[in-house]
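K.L.:
This is the structure I want to talk about, given as structure tokens.
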Amino acid sequence: MEQALVAEAKDAPRAGDLAFDRLYRSSRDDVYAYVGSLLRNDAAAEEVTAAAFERAYRKRNRFDPERGEPRAWLFGIARNAALDELRRRGRQAELTAEPADLDSFGAEEGAEHSERRLAVSAALERLAPGERELIALKFFAGLENREIARVLGISESNTGTKLHRAMTKLREACDGHA
Amino acid sequence: MDTPRDEKLAADLRALRPTPRPEFAAELDERAAAGFPRRSRWPQLAWQMPSPRRMLIPAGGIAVVAIALVTTVVAINEGGGGSSSEVPRSLFQADKSTSAPEAAKPSTQYNGATEEIERSAASAGGASSAGAAAEVEVKPFSQEIRPRLDRRAVERNAELVLGAAPADVADDASKVFEAVHAHDGIVMRSSTREGEPGVAGARFELLIPSAKLSDALAALSAIDEVRSRHEATDDITAPTVQTGELLQDSKARIDSLLAQLEAAESESERETVEEELAAERRHRARLRAQLQNLERRADYSRVLVRIETGASHDSSGGGAWGIDDALGDAGHILAVAAAVALVALAVLGPIALVALLAWLTHRAWVRRERRRVLS
């Protein structure tokens, strides 16, 4: 449906604006979540999220629906912006990782939940950056495997395999932590 | 991820999902509603440097305008109009080979004057060697003569070809006479032919006071369509000055001979002096005629006017401008434009290639760096 919406952008500028607006509304938090997981810095995540949407808005007429879904296209732009930001800062995401906020895990859900999520967070930290990105795209941004494949420039089956490996590692890390 | 454990892990991961601050989300919503106005760390720089894609349009426009401009300049310089004025080194060059032997007169007269000067100098100085002749030839440029060059003698010649309809030839011919008389000129020779286009025409050999040549040519050009116009000048100051000097020398020699004649005591001596005197007087008459001829050449300009009918034979332009001319001009302009574009391409091509290679290299480097960030 989103593909069709963005495809309208080719027909009429006003319709294109509306389609982009819908894409923005449906993807704003997802893009922030993905970028935030890569940069591990709230201020940088906000900056890059805004820059990614700005860049996508400027390029909206160049989007080709035949080359993939609009969300994959948008996340590709966000990914490049985030990686450029990491390059610009000249340091790895790990170096700027902010400490996990225990309060954000929801104290009302109980200590068991909080402890488990802390363990998951710690296990996530131990994953390789590429694996962590896969997890972010899948569970933070909510992309389908074919969309992830498009963003990363790999095949869908390869995406599934890599994702499975990352989840296995994560689970083992969680078990080890427990 | 089908097992309950995987689903639980997935739920835990989703719970770890970073969420934007409400203030940031509101601010971003506002910017989205405003169409994401450009926000840069360096606003001035962003204003000064548009994106390469946006620069492509004005750059292309400038390139096209530059090519058009150069094409126009080249076409104008190369083409020239039918009424443009040219100054060939030899006057009536085209006419010499056809039917105007008079056209070659200026140069032959000049050569004749030089030969006469050489002969006179040799005989007057009593020296017959080539060195003496060479000395005389150099004389006009020596400092001794230079102060006497108070007025330059310049011979002017012109050729004008007018295009006319056969019915207008007679009318145009009478206008030529009127124009010549209005400028105190002389019609030395004229001929008019009637008939079909290409056959009908007229030819005039005129002498126009040099001081009025420009006005006369303007008046003649206004008679009908100008197909071609050539003007030429020839500086005859040197032969004029030389002839004047020789004339003075001759007069002095005659005076001297007259004095010798008065002082002659014997009949034979008187006869010898009288013979020399007669020869010198003939020589002086020739010099005087020569000087007058030179002065007339400077005072009066030779003008050849031809009235032609039918299509112009001049491929460089002139005549009634028609479809053929338009096609010819268009082809010429296209050829020039293609040549200019080719030159521009030869210059810009390598630059564009280097820029493309630099851009591709930069792009590959950026991609590699992006991959490295997450490795």
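The values are calculated or read from the model by the stated rules, or taken from the named source; none is laboratory data. All of these numbers come straight from a predicted model, not from anything done at the bench. Here Cβ is always computed from backbone atoms with ideal geometry, including for glycine, and neighbour counts include all displayed protein chains.
K.L.:
Hey, any hits in region B:298-308 for a residue that's under 34 Å from the mean Cα position of the chain (by Cα) and assigned to a helix (DSSP H, G or I)? Walk me through how you get there before you give the answer.
P.N.:
In the first step, residues of region B:298-308 are kept if they are under 34 Å from the mean Cα position of the chain (by Cα); the result is B:298-308.
Then drop every residue that is not assigned to a helix (DSSP H, G or I), which leaves B:298-299.
Among the residues of region B:298-308, at least one is under 34 Å from the mean Cα position of the chain (by Cα) and assigned to a helix (DSSP H, G or I), which makes the answer yes.
K.L.:
A further question on this structure: Hey, can you tell me all the residues within region A:155-172 that are of a type in the set (Lys, Arg) and at the interface with chain B (Cβ under 8 Å from one of its Cβ atoms)? Before you say what the answer is, go through the steps one by one.
P.N.:
Initial filter on region A:155-172 (of a type in the set (Lys, Arg)): A:162, A:165, A:169, A:171.
Of everything in region A:155-172, just one residue is of a type in the set (Lys, Arg) and at the interface with chain B (Cβ under 8 Å from one of its Cβ atoms), namely A:Arg171.
K.L.:
Related question: Could you run through region B:8-24 and say how many residues are within 21 Å of A:Asp175 (Cα to Cα) and within 7 Å of another protein chain (Cβ to nearest Cβ)?
P.N.:
Selection size over region B:8-24: 8.
K.L.:
Now, a different point. Can you pull out the residues in region B:217-242 that are more than 24 Å from B:Val305 (Cβ to Cβ) and part of a helix (DSSP H, G or I)?
P.N.:
The initial filter retains those residues of region B:217-242 that are more than 24 Å from B:Val305 (Cβ to Cβ), namely B:235, B:237-242.
Matches in region B:217-242: B:Thr237, B:Ala238, B:Pro239, B:Thr240, B:Val241, B:Gln242.
K.L.:
In region A:45-66, what residues are surrounded by fewer than 24 Cβ atoms within 10 Å (Cβ to Cβ) and either in contact with an Asp or Glu (Cβ under 6 Å, 6 or more places away or on another chain) or free of Cβ contacts under 8 Å to residues at least 40 places away in the same chain (or both)?
P.N.:
Once the filter is applied, which keeps residues that are surrounded by fewer than 24 Cβ atoms within 10 Å (Cβ to Cβ) and either in contact with an Asp or Glu (Cβ under 6 Å, 6 or more places away or on another chain) or free of Cβ contacts under 8 Å to residues at least 40 places away in the same chain (or both), region A:45-66 yields A:Glu46, A:Glu47, A:Ala50, A:Ala51, A:Glu54, A:Arg55, A:Tyr57, A:Arg58, A:Lys59, A:Arg62, A:Asp64, A:Glu66.
K.L.:
Could you please give the count of residues in region A:141-154 that are out of contact with any Gly (no Cβ under 8 Å at 6 or more places or on another chain) and either among the hydroxyl-bearing types (Ser, Thr, Tyr) or outside any loop (DSSP other than H, G, I, E, B) (or both)?
P.N.:
Of the residues in region A:141-154, the ones out of contact with any Gly (no Cβ under 8 Å at 6 or more places or on another chain) are A:141-144, A:146, A:148-149, A:152-154.
Imposing the further condition that a residue be either among the hydroxyl-bearing types (Ser, Thr, Tyr) or outside any loop (DSSP other than H, G, I, E, B) (or both) reduces the set to A:146, A:148-149, A:152.
Residues meeting the conditions: 4.
K.L.:
How many residues does region A:147-163 hold that are of a type in the set (Lys, Arg) and touching a residue at least 60 places away in the same chain (Cβ under 8 Å)? Spell out the reasoning first.
P.N.:
The first filter runs over region A:147-163 and keeps only residues of a type in the set (Lys, Arg), leaving A:150, A:162.
Now drop any that are not touching a residue at least 60 places away in the same chain (Cβ under 8 Å), which leaves A:150.
Residues in region A:147-163 being of a type in the set (Lys, Arg) and touching a residue at least 60 places away in the same chain (Cβ under 8 Å): 1 in total.
K.L.:
I'd like to check which helices (runs of 4 or more DSSP H) are fully inside region B:1-59 and have at least 1 residues that are at pLDDT below 70 and over 29 Å from A:Ala136 (Cβ atoms). Before the answer, list the steps.
P.N.:
Numbers: elements: B:4-15, B:22-33, B:43-48.
Output list reads B:43-48.
K.L.:
A follow-up question, please. Going residue by residue through region A:128-141, is there one that turns out to be more than 10 Å from chain B (Cβ to nearest Cβ), among the β-branched types (Val, Ile, Thr) and buried (at least 19 other Cβ atoms within 10 Å of the Cβ)?
P.N.:
Step one: filter region A:128-141 for residues more than 10 Å from chain B (Cβ to nearest Cβ), giving A:134, A:137.
Subset that is among the β-branched types (Val, Ile, Thr): none.
No, the conditions are met nowhere in region A:128-141.
K.L.:
Being more than 10 Å from every other protein chain (Cβ to nearest Cβ), closer than 19 Å to A:Asn145 by Cβ, under 19 Å from the mean Cα position of the chain (by Cα) and not in a loop (DSSP other than H, G, I, E, B) is true for just one of A:Ser26, A:Ser37. Which residue is that? Talk me through it step by step, then tell me what you get.
P.N.:
Values: A:Ser37 fails: more than 10 Å from every other protein chain (Cβ to nearest Cβ).
Checking each option against the conditions leaves just A:Ser26.
K.L.:
Being under 13 Å from A:Gly90 (Cα atoms) and not in a helix (DSSP H, G or I) is the filter here, so list the residues in region B:357-375 that pass it.
P.N.:
The one that is under 13 Å from A:Gly90 (Cα atoms) and not in a helix (DSSP H, G or I): B:Leu374.
K.L.:
For the subset of region A:112-148 comprising residues that are among the small types (Gly, Ala, Ser) and within 13 Å of the chain's Cα centre (by Cα), which member is farthest from A:Trp73 (Cα to Cα)?
P.N.:
Taking region A:112-148 first, the residues among the small types (Gly, Ala, Ser) are A:114, A:119, A:121-123, A:128, A:130, A:136, A:141-142.
Then drop every residue that is not within 13 Å of the chain's Cα centre (by Cα), which leaves A:130, A:136, A:141-142.
Details: A:Gly130: 19, A:Ala136: 16, A:Ala141: 13, A:Gly142: 14 Å.
For region A:112-148, the residue satisfying everything is A:Gly130.
K.L.:
Looking at B:Ala173, B:Ala202, B:Ala167, which one is part of a helix (DSSP H, G or I) and either surrounded by 14 or more Cβ atoms within 10 Å (Cβ to Cβ) or in contact with a helix residue (DSSP H, G or I) (Cβ under 9 Å, 6 or more places away or on another chain) (or both)?
P.N.:
Values: B:Ala202 fails: part of a helix (DSSP H, G or I); B:Ala167 fails: either surrounded by 14 or more Cβ atoms within 10 Å (Cβ to Cβ) or in contact with a helix residue (DSSP H, G or I) (Cβ under 9 Å, 6 or more places away or on another chain) (or both).
Being part of a helix (DSSP H, G or I) and either surrounded by 14 or more Cβ atoms within 10 Å (Cβ to Cβ) or in contact with a helix residue (DSSP H, G or I) (Cβ under 9 Å, 6 or more places away or on another chain) (or both) holds for just one of B:Ala173, B:Ala202, B:Ala167, which is B:Ala173.
K.L.:
Follow-up. So, in region A:67-89, of the ones that are among the acidic types (Asp, Glu) and buried (at least 18 other Cβ atoms within 10 Å of the Cβ), which residue ends up nearest to the other protein chains (Cβ to nearest Cβ)?
P.N.:
First, pick out the residues of region A:67-89 that are among the acidic types (Asp, Glu): A:69, A:84-85.
Now restrict to residues that are buried (at least 18 other Cβ atoms within 10 Å of the Cβ): A:69, A:85.
Values: A:Glu69: 20, A:Glu85: 9 Å.
Result: A:Glu85.
K.L.:
List pairs: first residue in region B:1-26 and of a type in the set (S, T, N, Q), second residue modelled with pLDDT under 90 anywhere in the structure, Cβ distance under 9 angstrom, at least six positions apart or on different chains.
P.N.:
From residues that are of a type in the set (S, T, N, Q), the pairs are B:Thr19/A:Ser104.
K.L.:
Could you list, in sequence order, the residues of region A:149-170 that are under 18 Å from B:Glu7 (Cβ atoms) and either in contact with a helix residue (DSSP H, G or I) (Cβ under 6 Å, 6 or more places away or on another chain) or loosely packed, with under 15 Cβ neighbours inside 10 Å (or both)? Reasoning before the result, please.
P.N.:
So the first thing to find is which residues in region A:149-170 are under 18 Å from B:Glu7 (Cβ atoms), and the list is A:160, A:163-164, A:166-170.
Residues satisfying the conditions are A:Gly160, A:Leu163, A:His164, A:Ala166, A:Thr168, A:Leu170.
K.L.:
Related question: Any idea which of B:Ser256, B:Ser266, B:Ser301 is among the hydroxyl-bearing types (Ser, Thr, Tyr) and loosely packed, with under 10 Cβ neighbours inside 10 Å? Before you say what the answer is, go through the steps one by one.
P.N.:
Values: B:Ser256 fails: loosely packed, with under 10 Cβ neighbours inside 10 Å; B:Ser301 fails: loosely packed, with under 10 Cβ neighbours inside 10 Å.
Within the list B:Ser256, B:Ser266, B:Ser301, the selection yields B:Ser266.
K.L.:
Can you spot a residue in region A:11-24 that is surrounded by fewer than 23 Cβ atoms within 10 Å (Cβ to Cβ), modelled with pLDDT of 90 or more and not charged (D, E, K, R)?
P.N.:
yes
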